[in-house]
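Okay, structure first, notes after.
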Amino acid sequence: MFKRLFGGQDAPAAPALAVVRNITIGRTVALDPLAWRRLGDQTKFILDRDVLDITAQGTVTLDSGQFVHRFYTEDHLMLQAMSDDAAGMESYDFTLFMPWTSAYPAGERERRIWKDRLSEPVFHGAAESLPDYPRFWFEESDGRQPPVTIWETVWDDRAARAPYSKIFQTCMLYARDLPDGRELMLALEMQPENARGERGDLSHEIMIGIPLEMAEFRA
């Protein structure tokens, strides 16, 4: 009554963040270690725990109308899911990524070299102590292909009314087949932007990942 009389307004509600298979900020995810142990010593993906504490999550809206939902731990492990809806109700293509390398380019020359590497059909990883990875995106083409650009909106608090940051990314996904499964590699250039529009440091990242079946994790 008093708000109506004196012109007060309710504070805007916080946006509803996606909850994908019960996963969101503040929850834990239990993993089946066989998801990576079955790959033996042939994989570069090595994880020393089977529980993820989710402290942030991000969303990418693709030009196709699909959504990428990402859930992060404090040490930058990333659980990712695809969906056809913003709420993540119909989710699929689950993957788990761990950081491999992170570098800050000294200038435009290093950025051009990195973009050239991301445009080739095979990523040669000797400089990062990695094997070669064939391109997974655009795998039907043997020619050069410009990397994909996306904006990811990142939240670190479910009650927040604005995202923590937005991150502009130029990226390419790779995969190599192993005798007992598949290993993924995501290479990207990223630059965060905070709520005030201030740009952070630009970096070059590599993440190693594995596909996850729905039975291999739960929250």
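Bear in mind that the values in this text are calculations on the coordinates, not laboratory data. Because the structure is predicted, anything quoted here is derived from the model rather than measured. Don't worry about glycine lacking a Cβ; one is built from the backbone with ideal geometry, like all the others, and counts go over all protein chains shown.
What residue, among those in the range 57-113 that are without any contact (Cβ under 8 Å) to a residue 12 or more places away in the chain and touching a strand residue (DSSP E or B) at 6+ places or on another chain (Cβ under 6 Å), is farthest from residue 209 (Cα to Cα)?
Selected residue: 90.
Would you check which residues across the range 167-193 are out of contact with any Gly (no Cβ under 7 Å at 6 or more places or on another chain) and either more than 21 Å from residue 115 (Cα to Cα) or among the polar types (S, T, N, Q) (or both) and list them?
Residues satisfying the conditions are 169, 170, 177, 178, 179, 181, 182, 183.
Name the residues in the range 14-35 that are outside any helix (DSSP H, G or I), of a type in the set (A, V, I, L, M, F, W, C) and surrounded by fewer than 13 Cβ atoms within 10 Å (Cβ to Cβ), would you? I'd like the intermediate steps shown before the answer.
Start the filter on the range 14-35 by keeping residues that are outside any helix (DSSP H, G or I), which leaves 14-33.
Among the residues that remain, those that are also of a type in the set (A, V, I, L, M, F, W, C) are: 14, 16-20, 23, 25, 29-31.
The answer is 16, 30.
Based on what the data block shows, is residue 76 in a loop (DSSP other than H, G, I, E, B) and under 11 Å from the mean Cα position of the chain (by Cα)? Please lay out each step first, then the result.
Numbers: in a loop (DSSP other than H, G, I, E, B): yes; under 11 Å from the mean Cα position of the chain (by Cα): yes.
So residue 76 passes the test.
Being farther than 22 Å from residue 192 by Cβ, surrounded by 18 or more Cβ atoms within 10 Å (Cβ to Cβ) and touching a Pro at 6+ places or on another chain (Cβ under 9 Å) is the filter here; which residues of the range 59-94 pass it?
Scanning the range 59-94 gives a single hit, 94.
Can you tell me how many residues within the range 36-55 are surrounded by fewer than 19 Cβ atoms within 10 Å (Cβ to Cβ), among the aliphatic types (A, V, I, L, M) and more than 18 Å from residue 186 (Cα to Cα)?
Summing the residues that are surrounded by fewer than 19 Cβ atoms within 10 Å (Cβ to Cβ), among the aliphatic types (A, V, I, L, M) and more than 18 Å from residue 186 (Cα to Cα) in the range 36-55 gives 1.
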